[in-house]
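Inspection log for the structure reproduced underneath, given as structure tokens.
The values are calculated or read from the model by the stated rules, or taken from the named source; none is laboratory data. Quick caveat: nothing in here was measured; it's all calculated off a predicted structure. As a convention, Cβ positions derive from the backbone with ideal geometry for all residues, glycine included, and neighbour counts pool all protein chains shown. For accessibility, only protein heavy atoms count, side chains too; no ligands or nucleic acids. Shrake-Rupley method; radii C 1.70, N 1.55, O 1.52, S 1.80 Å.
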Amino acid sequence: MPDQRTHRFRELFRHNKRTLLDYFKRRVGPENASDLLQETFVRAIRREDFDSVADPPAFLKQIAINLSRDFARRRESEAKYFIPGDAAEDVIEAAVAPDALYETEELAHRLLAAIEALPPKCRQAFVMRRFEDISHEDIAARLGISRNMVEKHLRLAMERCRAALD
């Protein structure tokens, strides 16, 4: 008799909703109380052997206690791993205008072309200094040239890179 069971749950809800809602408001706050109240009754309804429960209000109260504990644990866990303001909806993504993106890519291509066009030792010295952060002395030793020549290569490389970007 589904109608009798439905009627029984309606009456159970009508008689217990205020007590449970007040409990949830105290435990989890008013903004989450109604959701947890609803979940309490959903779990009770889904329970096939609910008709055999000796004290339905006490059973509902135990479901409510368990839900509020789960809620508190979930909030505690979220607090450990999430920084307030980092929710996806809180993060404002700065949109890059397509023309700015194109311009940046164009500058990168021109810079790369300028580096590739450098004489071999000049290019090697530039890459070692700018991308590998190797000292002038170590570059000179690796390339078998003087420190003074390393500085000349680096000046030439910088001049050509600046010219490519202008």
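A few comments on the model shown:
- Residues in region 143-158 that are open to solvent by 40 Å² or more (accessible area, probe 1.4 Å) and under 42 Å from the mean Cα position of the chain (by Cα): M158 only.
- Answer residue from region 86-103, given it is among the aliphatic types (A, V, I, L, M) and part of a loop (DSSP other than H, G, I, E, B) and is modelled with the highest pLDDT among those: A97
- The set of residues from region 114-142 being within 14 Å of K152 (Cα to Cα), open to solvent by less than 20 Å² (accessible area, probe 1.4 Å) and not in a loop (DSSP other than H, G, I, E, B) comprises C122, A125, F126, I139, A140.
- F9 vs. criteria in contact with a helix residue (DSSP H, G or I) (Cβ under 9 Å, 6 or more places away or on another chain), hydrophobic (A, V, I, L, M, F, W, C) and open to solvent by 60 Å² or more (accessible area, probe 1.4 Å): no
Each row is one residue, and each column tells you yes or no for (1) exposed (fewer than 10 other Cβ atoms within 10 Å of the Cβ); (2) modelled with pLDDT of 90 or more; (3) not in a helix (DSSP H, G or I).
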{"position": "L20", "(1), (2), (3)": "no, yes, no"}
{"position": "R27", "(1), (2), (3)": "no, yes, no"}
{"position": "A33", "(1), (2), (3)": "no, yes, no"}
{"position": "E39", "(1), (2), (3)": "no, yes, no"}
{"position": "F50", "(1), (2), (3)": "no, no, no"}
{"position": "F71", "(1), (2), (3)": "no, yes, no"}
{"position": "E76", "(1), (2), (3)": "yes, no, no"}
{"position": "A79", "(1), (2), (3)": "no, no, no"}
{"position": "P84", "(1), (2), (3)": "yes, no, yes"}
